[in-house]
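What follows is a short report on a single structure.
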Amino acid sequence: MKQKGRVLRITQLGEPVLRRASKNVPVPLSRAHDRLIDDMIATMKKAKGVGIAAPQVGEGLNLFIVAPEPSARYPKAPRMPPVAMINPKLVKRSIKMVTDWEGCLSIPGLRGRVPRHHAVEVEFTARDGRRQRAEMTGFIARIFQHEFDHINGRVYMDRVKDTRTFMTESQYRKLLHA
């Protein structure tokens, strides 16, 4: 089966688009924005990511994909089909915080321990143009918050409390299999 979408170049830390707040996507989606979603999904899958935000492919738009599945990078991830979240809003967040490992396709080769809210309630426009409300917990809530940071000009490194937790991807994999 031929995959929809083209694989795009992933922007790297230091490129200005990663540090700017993004703009809303006009709804209903244009054909170009619909294609961009396909391209983002193809790019994320090729890079073996669990999410990707529009700024990571050079587009300053309030749009990201959440699509966890188990992989070498995230062996315990749940499996979920890709969901495009357009013009998302963080409505509510739990008081409970959980610190866990994160990496980023735009910051290759590095991991750090990042505190995130355990649960979030969110609103977003789905690809079909309908406004949705969802509650997310655990790893899926973490992905949402990570991608939500991207559309607001932040990266996970901004949230790391102890920079001594940074490690290379290869050291992280050794730790996983220890």
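Per residue, the chain exposes 54 Å² of solvent-accessible protein surface, assessed with a 1.4 angstrom probe and all protein chains in place.
If you roll a 1.4 angstrom probe over the protein chains with everything in place, what fraction of the accessible area of segment 1-87 belongs to carbon and sulfur, to the nearest %? Using a 1.4 Å probe with all protein chains present, segment 1-87 comes out at 56 percent carbon and sulfur. Rounded to the nearest 20, the Cβ-based charge dipole of the chain about its Cα centre (Lys and Arg +1, Asp and Glu -1) stands at 200 debye. Translational diffusion of segment 73-178 was estimated from the Stokes-Einstein equation, with Rh taken as the Kirkwood radius over Cα pairs; at 37 °C and 0.692 mPa s the coefficient is 221 µm²/s. Among 65-75, 37-47, 94-104, the peptide with the highest mean count of other Cβ atoms within 10 Å heads the list, and the full ranking is 37-47, 65-75, 94-104.
Farthest towards the positive end of the charge dipole of segment 118-178, among the residues 177, 166, 132, is the Cα of 177, using unit charges on the Cβ of Lys, Arg, Asp and Glu.
Of 176, 36, the residue with the largest accessible area leads and the full order is 176, 36 (1.4 Å probe). What fraction, in whole percent, of alpha-carbon pairs in segment 1-98 exceed 19 Å separation? Roughly 48 percent, once rounded to a whole number. A Gaussian network model of the chain, with springs between Cα atoms under 10 Å, assigns the largest mean-square fluctuation among 82, 55, 108 to 108. Contact order for segment 1-88, expressed relative to its length and based on alpha carbon pairs under 8 Å spaced 6+ residues apart, stands at 30 percent.
With contacts taken as Cα pairs under 8 Å at a separation of at least 6 residues, the chain carries a relative contact order of 23 percent. For segment 1-69 versus segment 106-135, the spacing of their alpha-carbon centroids is 14 Å. Over the C-alpha atoms of segment 66-132, the Rg to Rh ratio, Rh being the Kirkwood estimate, stands at 1.00.
The values are calculated or read from the model by the stated rules, or taken from the named source; none is laboratory data. Just so you know, these numbers come straight off a predicted model, no measurement behind them. Neighbour counts run over all protein chains shown; Cβ positions are idealised from the backbone, glycine included. The accessibility values were calculated without ligands, DNA or RNA, using every heavy atom of the protein model including side chains. Shrake-Rupley method; radii C 1.70, N 1.55, O 1.52, S 1.80 Å.
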